[in-house]
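Asker: A single structure is presented below for examination.
The values are calculated or read from the model by the stated rules, or taken from the named source; none is laboratory data. None of these values were measured; they are calculated from a predicted model. For neighbour counting, all protein chains shown are included, and Cβ atoms are generated from backbone atoms with ideal geometry for every residue, glycine included. For the accessible areas, the whole protein counts, side chains as well, though only heavy atoms, and no ligand, DNA or RNA atoms are used. Shrake-Rupley method; radii C 1.70, N 1.55, O 1.52, S 1.80 Å.
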Amino acid sequence: MDRSNASRRAVLAGFGALAAAPAMASVCAKSRANLAPLQAAMASGRFIAYQPTALKAINGKLMHASDDSIRVDLSVLRPWFDSLITYGVLAGAEHIADVAASLKFRSVIIGVWDPSNEVEISNAIAVWKRNPKIVSGLSLGNEIIFGKRGTWAELALALKQTRARAPGLPLTISEPFAEYLDHAESEAAMAQMDFMLANVHPIFEPWFKTAPPKNWADFVVKVSALLATKFCGPVLVKETGVPSGPASSGFNKKNQAAFWRALEQQFSPGRDRAFAYFSAFDEPWRTSDFNPVAGPHPEEAHWGLFSEARAPKPVMGAVPKLRR
């Protein structure tokens, strides 16, 4: 999640107006894979960020998610969502796209947690080759720069090397929005990207608690518009949202639902810009997982639109079911 205290000078002055951005030319990839399936899903599908409920990191060790548990998860999501963004390709997650294909999901963006892990990269490419009709992209890492787990140069190299092994597969990385805007060295990696995945979390902005839901949503819309001026490919907001708890931190289910209603009203998805719902299920274990920002983070347990037991929260009452 985007908890950076880095400069937002490139984005907003307060929560209502777009501020002047640092000088940075629009970056375009040197070569393009086939983006048509991804853009079709952005325009007329509905993405959700998904981690299997059974896949937990306990004391640094991944618990395995079975195909059956993944199938139950995805069966719960399928009436509302037809596209997925994942976070890793280990411990059973390498079978998400296989299960999704059997349930007639239209699109899966595969997430690799560690781009330096050869097993993960090989698994991801194998998933794409097994499911070329629904795997619409591959993301190398989640918040690698923000989490200080790697450098822009390393990400640029990973993108280049992966493209050589999977030349038709659209590639990207995933970072908090400010990381793309605040670092000139990001341009080399961005030039290797076919599309952009950005995390845009209004709850970590200093004005959040005094602003109404319409401004939370407006922030996401304006940030995505700014990113689109800096990168000349599709921009998909992978993470945004408001957690449903804990109440002690000022979060509740009512405000979670209000944010998503406001975003749905203000952000019309299209082929060039869209957003994913974040996230599928609550993950209580994340409160004790590694976090690049020091201190307790109780909100990490409550991002889901569904509980850990797969029960829908009130927010889902405002999300219309899809026509299959």
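Asker: Once a ≥ b ≥ c are taken as the square roots of the eigenvalues of the Cα gyration tensor of the chain, is the result rounded (a/c under 1.5), prolate (a/b larger than b/c) or oblate (a/b not larger than b/c)? Please report the intermediate quantities before stating the final value.
Answerer: Values: a/c = 1.32, a/b = 1.03, b/c = 1.28.
Rounded.
Asker: Roughly how many debye, to the nearest 20, is the charge dipole of the stretch 187-324 about its Cα centre, given +1 on each Lys and Arg Cβ, -1 on each Asp and Glu Cβ, and no other charges? Could the numbers behind the result be given before it?
Answerer: Numbers: 16 positive and 13 negative charges, 138 e Å.
Dipole size: approximately 660 debye.
Asker: With a cut-off of 8 Å between alpha carbons and a minimum separation of six or more residues, what is the relative contact order of the stretch 148-232 in percent?
Answerer: Values: 69 pairs, mean separation 24.9, N = 85.
Reported relative contact order: 29 percent.
Asker: For the stretch 57-165, give the percent of accessible area contributed by carbon and sulfur heavy atoms, probe 1.4 Å, rounded to a whole number.
Answerer: Values: 2700 of 4640 Å².
Percent of accessible area from carbon and sulfur atoms in the stretch 57-165: 58.
Asker: Can you work out the base-10 log of I(q)/I(0) for the stretch 104-161 at q = 0.20, 0.30, 0.31 1/Å, using the Debye formula on its C-alpha atoms alone?
Answerer: -0.74, -1.24, -1.28
Asker: Normalized C-alpha radius of gyration of the stretch 23-92, against 2.2 N^0.38 Å?
Answerer: Values: Rg = 16.6 Å, N = 70, 2.2 N^0.38 = 11.1 Å.
Dividing the Cα radius of gyration by 2.2 N^0.38 Å gives 1.50.
Asker: Over the chain, average the accessible area per residue using a 1.4 Å probe and give it in Å², no decimals. Could you put the intermediate results ahead of the total?
Answerer: Values: 12880 Å² over 324 residues.
That works out to 40 Å² per residue.
Asker: Obtain the nm distance between the two label points defined at Ser44 and Ala191 by a simple spin-label model: each point lies 7 Å from its Cα along the Cα-to-C-beta direction.
Answerer: That separation, rounded to one decimal, is 3.6 nm.
Asker: What distance in nm lies between label points placed 7 Å from Cα along the C-beta direction at Lys61 and Thr287?
Answerer: That separation, rounded to one decimal, is 2.3 nm.
Asker: Order these peptides, 171-184, 199-212, by their mean beta-carbon neighbour count within 10 angstrom, highest first.
Answerer: Details: 171-184: 22.8, 199-212: 17.4.
Those peptides, ordered most packed to least, come out 171-184, 199-212.
Asker: What pairs from Lys56/Lys313; Lys230/Lys321; Lys61/Lys129; Lys148/Lys238 go past 23 Å between their alpha carbons?
Answerer: Numbers: Lys56/Lys313 21 Å; Lys230/Lys321 34 Å; Lys61/Lys129 28 Å; Lys148/Lys238 20 Å.
As for pairs spanning more than 23 Å Cα to Cα, those are Lys230/Lys321; Lys61/Lys129.
Asker: Right, next: So, with a 1.4 angstrom probe, what is the percent of accessible area on the stretch 208-324 that is carbon and sulfur? Walk me through the numbers before you get to the answer.
Answerer: Details: 2650 of 5020 Å².
Carbon and sulfur: 53 percent of the exposed surface of the stretch 208-324.
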